[in-house]
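Comments concern the structure below.
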Amino acid sequence: MRARAAVALAGALVLAPLGAHAADLVVWWEQGFYPQEDEAVREIIAAFEQESGKQVELTHYSSPELPDKLEAALEAGKPPDFAFGLTYVASKWAFDDRLVELTDTVGAFSNLFDPEALAWSFQLNAKTGQRALYGLPMGRSTIHLHVWKSLFEQAGFRPADIPKEWDAFWSFWCDEVQPAVRQALGRDDIYGIGLNMSSKASEVNLHFFQFLDAYDAEYVAPDGKLVIDDPLVRQRIVKAIDSYTAIYRKGCTPPGAVGWDGRGNNEAFLAQTIVMTSNQTLSIMNALRTERPEDYYKNAATIEWPDGADGQPLAIVTSFYTAVTFKARGHVPLAKEFVRFLVEDGWLAHYLDFSQDRYLPSMPKLLDAPFWLDPSDPHRMPAAIQFLTRPRDQYYAAAAYDWRNLLPMWREWVWAKAVHRVVAEGISPEQAVDEAIARIKQILSQ
């Protein structure tokens, strides 16, 4: 595949005319964490240009930029033909009949995908009144826990010392590990936990959902009914936000966590100023593998989540990442051909390979491959085993597919703002939850 990609890229460069005409296909692709990700995308585009004889305009946007760029482009009537990113919510575009239905394109290859990943892309179209496939499952992720084994052991602890109970687990890192590490190293700038508390990082929403699962605080019933006003549900949400923010209020995560972007905890972990952190992809470990392989293989560990607050196995939050195709530019047949090309010709697998296992594949055969289940790798295999063996959190998208503004907390980062208000402004968890509930209900009523 790599040799073929290199030939395709070289051929495309040779064939490209000096006075190139307007692009036949416009592609927006979220900028990668690693140069290899963007390189793989360029190889994909070059190979498609050579195979199709068409010209593709490729633009990369950062994760925070892409959703706003897409909304502005839609407003102007000039969205890209194809877009892929991690932080947009496509359900509203499907509802408003702005997306291309991909049932006939992806349907022929549906057996390659996890049914749950396909279900994520089935959305309601208000014009047709039907659900259909409006996205291509590109990858998925779960939340991982990473530990500096070297710091942990210098403080006198072993993996067997880590509690399995929810409250005891967090107290352990805060009340035992943090002071012990500081004493062992003679430093007071090392924290037991790295947990983001910012209002401007999408990962706070995701990580807070893991706390909601721990307290059995799902506020959407399996039938899609919003039950957020139920007193018991509200009480559990308050416990979840109190538990999450207590880590900051007790001084167990760096003060700068209130302003971290999505890379804040990555940078703190790599600098070894935090002992343990959570991360929604394997980006932290992949940075170590590339730049500091000794640390990757010997000094860092990927560990299991504790049980939930009720003592039951914790359901792990799973995120799905889909690519979408827009109708507005009128290049629908070529856009669908590009989607087919990604799946049938193996280029989606190629991209996931070059993303350095940042995402788990949406294709079971890829996840079952020796690459993921290699016992000599201390991070990939635990990530795969966690996904394959743990229960998964309630699938909100499947329950609430007919909401026009699906998952409003993603559109406005409602829970991230609630967390931030508690730690930065000192409001109570109860007030933060009531404000968040009011805003979610307001969005859903629009």
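The figures follow:
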{"read-out": "Residue within segment 153-164 that is more than 19 Å from ALA301 (Cα to Cα), in contact with a Phe, Trp or Tyr (Cβ under 9 Å, 6 or more places away or on another chain) and either surrounded by 14 or more Cβ atoms within 10 Å (Cβ to Cβ) or among the hydroxyl-bearing types (Ser, Thr, Tyr) (or both) present", "value": "no"}
{"read-out": "Any hit, segment 132-144, residues being touching a strand residue (DSSP E or B) at 6+ places or on another chain (Cβ under 9 Å), modelled with pLDDT under 95 and among the basic types (Lys, Arg)", "value": "yes"}
{"read-out": "Residues of segment 119-133 classified as touching a residue at least 24 places away in the same chain (Cβ under 8 Å) and surrounded by fewer than 22 Cβ atoms within 10 Å (Cβ to Cβ), total", "value": "9"}
{"read-out": "Restricting segment 260-287 to residues that are without any contact (Cβ under 8 Å) to a residue 24 or more places away in the chain and within 15 Å of the chain's Cα centre (by Cα), the residue that is surrounded by the most Cβ atoms within 10 Å (Cβ to Cβ)", "value": "ASN266"}
{"read-out": "Whichever residue in segment 167-198 is polar (S, T, N, Q) and surrounded by fewer than 20 Cβ atoms within 10 Å (Cβ to Cβ) and, among such residues, is farthest from ILE228 (Cα to Cα)", "value": "GLN183"}
{"read-out": "The one condition in (1) crowded, with 21+ Cβ neighbours inside 10 Å; (2) within 11 Å of GLY194 (Cα to Cα) that PRO255 fails to fulfil", "value": "(1)"}
{"read-out": "Qualifying residue in segment 225-233 (condition: in the same structural domain as TYR191 (by TED's automatic domain parsing), closer than 25 Å to PHE169 by Cβ and not basic (Lys, Arg))", "value": "yes"}
{"read-out": "Residue that is farthest from ASN205 (Cα to Cα), among those in segment 86-126 that are aromatic (Phe, Trp, Tyr) and under 17 Å from the mean Cα position of the chain (by Cα)", "value": "TRP120"}
{"read-out": "From ALA287, ALA301, ALA271, residue being at negative phi, in contact with a Lys or Arg (Cβ under 7 Å, 6 or more places away or on another chain) and among the small types (Gly, Ala, Ser)", "value": "ALA301"}
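The values are calculated or read from the model by the stated rules, or taken from the named source; none is laboratory data. Note that the coordinates shown come from a computational prediction; the quantities given were computed from them, not determined experimentally. In this analysis, Cβ positions are derived from the backbone assuming ideal geometry, glycine residues included, and neighbour counts consider all displayed protein chains.
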